[in-house]
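Written out below as structure tokens is the structure these notes cover.
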Amino acid sequence: MSKPVILTGLRANNDLHLGNYLGALLPMVDMAKQHAGEYQINLFVPDLHSFTTPVDHSKLFDQILQNLKVFAAAGLPLEHEDIHIYRQSFITAHSELTWILDCFTGFGEMSRMTQFKDKSAKLSQDRISVGLFNYPVLMAADILLYGASYVPVGDDQTQHLEFTRDIAERMNKQFGDLFVVPKPVTEQHTFFGKEQGLRVKDLVDPTKKMSKSDETGTGVIFLTDNASVARKKIMSATTDSLGKISYDTTNQPGVSNLLQILGLLANKSLEAVAKEYAGQSQYGALKEAVSTAVVDFLSDFQTKLAAVDEHALLNKLAASEQTMNQTASQTLHKAQQAVGLRPKGQ
Ligand code: TYM
């Protein structure tokens with residue numbers, strides 16, 4: 001019997017930042033370490049999703065490899081046989097299944113996706129790509145091709161996961177047992193625990209998440225930032241004028257974000273960090289502490305990144321892509337048979 005699959009992906013449209021690292025990458029690596037053995041773990045780079053909004057195409061290919069290196073630097077055990085790393089575009093079944101799913105997806109259904117609404121609101125009509133609109137369908141294909149039961153993602157992706165369940169159920173109803181339906185979102189949260197849904201916020205506008213799509217980059221700590229750049233960003237982080245330090249995301253989003261970053265980097269609970277600073281009326285000491293923690297983290301991380309064995313990484317990538325191509329082609333074939341593109345029973 002094959003093992004149940006846990007699958008997740010991280011796009012490569014810009015340099016990775018602290019929000020990706022603490023909110024997604026590190027939990028992904030911890031999850032892989034914890035569950036490999038009992039589960040098959042698919043960690044992939046959705047490179048086709050990486051240019052649903054404009055990117056620098058001259059850098060994309062290298063960026064993708066760089067992201068995979070970041071996984072290795074963060075401690076992903078590449079030698080484990082249950083762990084697979086791959087690039088979406090190297091497995092053509094992703095694009096092919098997307099087209100099939102597209103034809104069973106409603107225009108209204110896609111129009112209601114909040115991520116599409118948020119992202120398209122920032123772009124002029126001509127720059128809103130059909131790819132951005134279609135993003136959740138490709139994401140559904142990513143998941144369904146490998147029969148994934150669990151898909152750990154941030155809460156900004158919940159709606160896409162629900163759509164994946166919907167389209168899988170719809171297709172199964174029409175064609176019989178075609179796809180594994182991923183577990184309901186609430187069950188996923190129980191399975192993955194507290195990291196799920198965690199969001200590091202932008203330092204300049206702490207009401208929105210730290211995001212790769214932020215073009216100015218002043219509120220975002222990139223993993224490649226040097227000490228003085230990172231320090232400057234933290235020291236000029238937006239706070240408030242309430243003159244107290246408490247974890248209160250509604251009234252003190254900036255301060256709460258700093259407490260959260262400090263807790264994650266110092267490996268302390270949020271309560272413990274908030275307690276340490278309770279009663280202080282100035283924000284300087286908190287910013288100093290966050291700066292030091294971030295700078296120490298970046299220097300340690302950048303050393304590990306430089307030491308990644310590129311040869312071993314590329315070998316692992318090639319092996320995983322070969323294996324995953326086989327799995328994905330089988331699922332695609334079943335879907336092609338179901339919709340009448342291939343003869344049944346072969
Ligand atoms: P991406 O690259 O935008 O985000 C990858 C993961 O990081 C989470 N995330 C954050 N978490 C905490 N704080 C932040 N500031 C922050 N920013 C992003 C996201 O919730 C996500 O879990 N659509 C996916 C990529 C994808 C995918 C898939 C995932 C494509 N196909 C199939 C799982 C399964 C995305 O949001 O990527």
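The values are calculated or read from the model by the stated rules, or taken from the named source; none is laboratory data. As the structure is a prediction and not an experimental result, all values here were calculated from the model. Note that each Cβ is placed from the backbone with ideal geometry, even for glycine, and that neighbours are counted across all protein chains shown. Just the protein is used for accessible areas: all its heavy atoms, side chains included, with ligands, DNA and RNA removed. Shrake-Rupley method; radii C 1.70, N 1.55, O 1.52, S 1.80 Å.
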Under a plain spin-label model, where a point goes 7 Å from the Cα along Cα-to-Cβ, how far apart in nm are ASP62 and LYS173? 5.0
Diffusion coefficient in µm²/s returned for region 227-305 by Stokes-Einstein, Kirkwood Rh over C-alpha pairs, 10 °C and 1.306 mPa s, is 124
In debye, nearest 20, what is the charge dipole magnitude of region 1-67 about its Cα centre with +1 on Lys and Arg Cβ and -1 on Asp and Glu Cβ, if you could check? 140
Cα to Cα, under 17 Å, and not fewer than 8 places away if on the same chain: which lysines meet these conditions relative to LYS344? LYS334
In debye, nearest 20, what is the charge dipole magnitude of the chain about its Cα centre with +1 on Lys and Arg Cβ and -1 on Asp and Glu Cβ, if you could check? 380
For GLU162, placing the label point 7 angstrom along Cα-to-beta-carbon and taking region 88-121, residues whose amide nitrogen sits under 12 Å are 112-115
Given a 10 angstrom Cα cut-off, can you work out which residue in ARG112, ARG231, ARG170 is the most mobile in a GNM of the chain? ARG112
Quick one, what does Rg over Rh come out to for region 131-212 if you take C-alpha atoms and the Kirkwood Rh? 1.05
Working out 0.36 nm times the residue gap between GLU79 and HIS311, then minus their Cα-Cα distance, what length gain in nm do you get to one decimal? 82.2 nm
Determine the gain in length on full extension of the stretch ASP102-ALA278; use 0.36 nm per residue of separation and subtract their C-alpha separation, reporting nm with one decimal. 58.1 nm
Given Cα positions, please report Rg to Rh for the chain, the hydrodynamic radius being the Kirkwood one. 0.98
With the label point 7 Å along the Cα-to-beta-carbon line of LYS3 and a cut-off under 13 Å to each amide N, the hits in region 78-100 are 78-85
For region 79-127, what % of the accessible area comes from carbon and sulfur atoms, probe 1.4 Å? 54
Let me cross-check THR92: its accessible surface, 1.4 Å probe, with only protein heavy atoms counted, in Å² to the nearest 10? 80
In nm, the gap between the two label points placed 7 Å beyond Cα toward Cβ at ARG342 and THR207 is 5.1
Which percent of the Cα-Cα distances in region 193-346 go past 22 Å? 56
Using a 1.4 Å probe and ignoring any ligands, DNA or RNA, find the accessible area of TYR21 and quote it in Å² to the nearest 10. 20
List PHE61, PHE297, PHE104, ordered by accessible area with a 1.4 Å probe, largest first: PHE61, PHE104, PHE297
Accessible area of HIS84, 1.4 Å probe, to the nearest 10 Å²? 20
What number comes out for accessible area per residue over the chain if the probe is 1.4 Å? Units Å², please. 47
Under the 0.36 nm per residue contour assumption, what length would be gained going from the current alpha-carbon distance of ARG127 and ASP30 to full extension? 31.2 nm
Gaussian network model of the chain, springs between alpha carbon atoms under 10 Å - residue of HIS49, HIS160, HIS80 with greatest fluctuation: HIS80
